[in-house]
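Trainee: Please see the structure below; I have some questions.
The values are calculated or read from the model by the stated rules, or taken from the named source; none is laboratory data. These numbers were taken from a predicted model, which means no experiment stands behind them. Please note: Cβ atoms are built from the backbone with ideal geometry, for glycine as well, and neighbour counts cover all protein chains shown.
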Ligand SMILES: *Cc1c(COP(=O)(O)O)cnc(C)c1O
């Protein structure tokens, strides 16, 4: 037996980047609510800090923790998930370049490509990422990035990260994976060959519906440096209190995810046998088209469940009838949420190739008492 302290996932989530404060012994990193730092003579920085857009100690603690729990070389914390996505696109692409995105990407990601990146000169194609031939056919000489989401929001589609990493690298492109739905507790894309992990830390990482944030984690330190340059030059950084809340959330990510997954499985069980529900979308179901890939690359199948009713009216009615499942956007918090993607989170994709079905309902299954959640759904479904 060696004497090294072993650092598994939950140990890293609680300790990485968060050694007790050398000055006071505080076991949690302080909220360094500060913009600037005294210099001991010009350029004489005590801890490497000069201005909090460039770096702030609370944000550094979060960035180190993010890198370690995603098994990356560098982590970067942003003001939101979309700010992180924007920094990634502008760092690895220039006008004239091309990107492949999932044909069921998160609506905000689609909007960023369609309304911001494309007018800037970066073209993109939505492609079904489960179809390797379609992905290869969409690659062009100027393709710089394949953008993956798995599971996808809100259709719970699954993409094979290792396979897509191979396709991207053969084409000289990078593979970015939006790991928001899985979290690094369930899936670590960099270990499967991805180059960049993207997070909306607003969701499972923060976990308590009290902070908006985003992150990028990269396998290569050189790319990390380029992204850090953009993070500072463009300035959409996470503030100290937001970074602190996110760090606090990450400490319990493992135990929360275990309960999210267990509760989601019970919800899926109820929905699959309910006569009012036409179809349940959950990668844990053996007949889900991505089930085998999900079983290979994920520890468990997550806390997000979508289902289709017989009509849009019926879907809207369920969303408005639950009492414990709160009608609201976002996901990944301890409290259960229900929403109608077509009219809410994914309204920005209406009329586009990424429009979602009107009869779709999305659940973010929280960690409340599972029996209470089942009863609430049963009553709402009628
Ligand atoms: C919410 C979300 C985003 C965007 O993150 P924000 O923090 O809202 O900017 C990106 N991807 C996925 C999968 C999301 O669910």
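Trainee: Quick one: would you say residue 154 is in contact with a strand residue (DSSP E or B) (Cβ under 6 Å, 6 or more places away or on another chain), at pLDDT below 95 and within 16 Å of the ligand (Cβ to nearest atom)?
Mentor: When the stated conditions are applied, residue 154 passes them.
Trainee: For the subset of the range 181-204 comprising residues that are assigned to a helix (DSSP H, G or I) and surrounded by fewer than 24 Cβ atoms within 10 Å (Cβ to Cβ), which member is nearest to the ligand (Cβ to nearest atom)?
Mentor: The residue in question is 192.
Trainee: Across the range 157-174, what is the number of residues that are within 16 Å of the ligand (Cβ to nearest atom) and in contact with a helix residue (DSSP H, G or I) (Cβ under 9 Å, 6 or more places away or on another chain)?
Mentor: Matching residues across the range 157-174 total 3.
Trainee: Of all residues in the range 233-259, which are surrounded by fewer than 16 Cβ atoms within 10 Å (Cβ to Cβ) and within 11 Å of residue 78 (Cα to Cα)?
Mentor: Passing the criteria: 234, 235.
Trainee: Among the residues of the range 72-106, how many are surrounded by fewer than 22 Cβ atoms within 10 Å (Cβ to Cβ) and at pLDDT below 95?
Mentor: Residues meeting the conditions: 1.
Trainee: Sort out which residues of the range 316-341 are away from the ligand (no atom under 13 Å from the Cβ) and in a strand (DSSP E or B), and write them in order of number.
Mentor: 326, 327, 338
Trainee: Residues that are closer than 30 Å to residue 31 by Cα and either within 16 Å of the ligand (Cβ to nearest atom) or touching a strand residue (DSSP E or B) at 6+ places or on another chain (Cβ under 9 Å) (or both): find the strands (runs of 3 or more DSSP E) completely inside the range 44-134 holding 3 or more of those.
Mentor: 74-78
Trainee: Restricted to the range 342-363, and to residues that are touching a strand residue (DSSP E or B) at 6+ places or on another chain (Cβ under 9 Å) and within 17 Å of residue 321 (Cβ to Cβ), which residue is surrounded by the fewest Cβ atoms within 10 Å (Cβ to Cβ)?
Mentor: 344
Trainee: If you don't mind, there's one more thing I want to ask. With respect to residue 145, determine if the residue is surrounded by fewer than 24 Cβ atoms within 10 Å (Cβ to Cβ), in the same structural domain as residue 114 (by TED's automatic domain parsing) and within 16 Å of the ligand (Cβ to nearest atom).
Mentor: For residue 145, the condition - surrounded by fewer than 24 Cβ atoms within 10 Å (Cβ to Cβ), in the same structural domain as residue 114 (by TED's automatic domain parsing) and within 16 Å of the ligand (Cβ to nearest atom) - is met.
Trainee: Scan the range 159-178 and give yes if some residue there is closer than 25 Å to residue 55 by Cα, in a loop (DSSP other than H, G, I, E, B) and modelled with pLDDT of 95 or more, otherwise no.
Mentor: no
Trainee: Right, something else. Going by what's in this entry, would residue 267 be described as away from the ligand (no atom under 16 Å from the Cβ), in contact (Cβ under 8 Å) with a residue 12 or more places away in the chain, within 17 Å of the chain's Cα centre (by Cα) and surrounded by 22 or more Cβ atoms within 10 Å (Cβ to Cβ)?
Mentor: The answer is no for residue 267.
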